Amino acid sequence: MSARFFALVPAAGVGSRFGAQIPKQYTEIAGQSVLMHTLQRLLACEALVGVAVVLSPDDGYFGALTLPEWAQSERLQVLYCGGDSRAESVRNGIAALTAGQMLQDQDWLLVHDAARCCLPTMALERLLAAADADCVGAILALPVADTLKKQTHTGRIDHTVDRSGLWQAQTPQMFRAAALQAALNQVDLQHITDEASAMEAQGVFAQLVQGDVRNLKLTLAQDATLVELLLNSGDL
């Protein structure tokens, strides 16, 4: 039986650092919301048998969107079971998909940030290619390029951190559905910032797959200008 790939996008947060009056995933850039750009990038990948977006139970934005034809695909599942944190939303989303028999234990689940709407096709294909018989999981990541400084409590430089061997994690992060669900059920979700860290707590260490600088996360308002340029470039 060939491997199946399913994507999950936690989108229940508000993105307070972005500073908008609405959750940042609903901010419109280059003609549509950030979330819709993200879902469009994933649904364009035919290797994904399904894409699920996990929204807050009281989300009042998604239902107000005018969905383009591509978003009316049966491959797109909308789940209103998001939690107070990203990790909780992922855990709840897996549970809902499993209960609905849409997700199987051995499926590869790719968890992707809603705010990474410029995921290049080639980067996604590199991640999918890492899913072989020996792979326990893989994430997109970039080697740290900048010099790193450790600060003191007064805000001055304490020392320079050796950056050799350091990588900056991106998404998607890909693990077997049942293994990721089990990991999220066994850790304190308050201290989990990504799926790889939940798996690490269980002694499972993912493969690092070369990411892409264009796969940036929309975090601050100033990021919107670069995201718009990338989306309009047609080079993803």
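Overview of values
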read-out	value
Those residues of the stretch 46-65 which are part of a strand (DSSP E or B) and over 24 Å from GLN104 (Cα atoms), in sequence order	none
Qualifying residue in the stretch 108-120 (condition: on the phi < 0 side of the Ramachandran plot and surrounded by fewer than 18 Cβ atoms within 10 Å (Cβ to Cβ))	no
Options PRO10, PRO68; residue that is touching a helix residue (DSSP H, G or I) at 6+ places or on another chain (Cβ under 9 Å) and modelled with pLDDT under 90	PRO68
Top-ranked residue in the stretch 181-194 [being in a helix (DSSP H, G or I) and in contact with a helix residue (DSSP H, G or I) (Cβ under 6 Å, 6 or more places away or on another chain); ranked as surrounded by the fewest Cβ atoms within 10 Å (Cβ to Cβ)]	LEU189
Exclusive hit being closer than 19 Å to ILE192 by Cβ and charged (D, E, K, R), set ARG4, ARG41, ARG75, ARG91	ARG91
Failed item, numbered, when GLN104 is tested on (1) free of Cβ contacts under 8 Å to residues at least 40 places away in the same chain; (2) outside any strand (DSSP E or B); (3) surrounded by 13 or more Cβ atoms within 10 Å (Cβ to Cβ)	(1)
Filtered residues of the stretch 195-236 (kept if surrounded by 16 or more Cβ atoms within 10 Å (Cβ to Cβ), assigned to a loop (DSSP other than H, G, I, E, B) and polar (S, T, N, Q))	ASN215
Restricting the stretch 148-180 to residues that are of a type in the set (A, V, I, L, M) and either without any contact (Cβ under 8 Å) to a residue 60 or more places away in the chain or surrounded by fewer than 17 Cβ atoms within 10 Å (Cβ to Cβ) (or both), the residue that is farthest from ALA7 (Cα to Cα)	ILE157
Verdict on ALA3 being buried (at least 24 other Cβ atoms within 10 Å of the Cβ), touching a residue at least 12 places away in the same chain (Cβ under 8 Å) and assigned to a loop (DSSP other than H, G, I, E, B)	no
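The values are calculated or read from the model by the stated rules, or taken from the named source; none is laboratory data. Source: prediction; values computed, not measured. Using ideal geometry, Cβ is built from the backbone for each residue, glycine included, and neighbour counts are taken over all protein chains shown.
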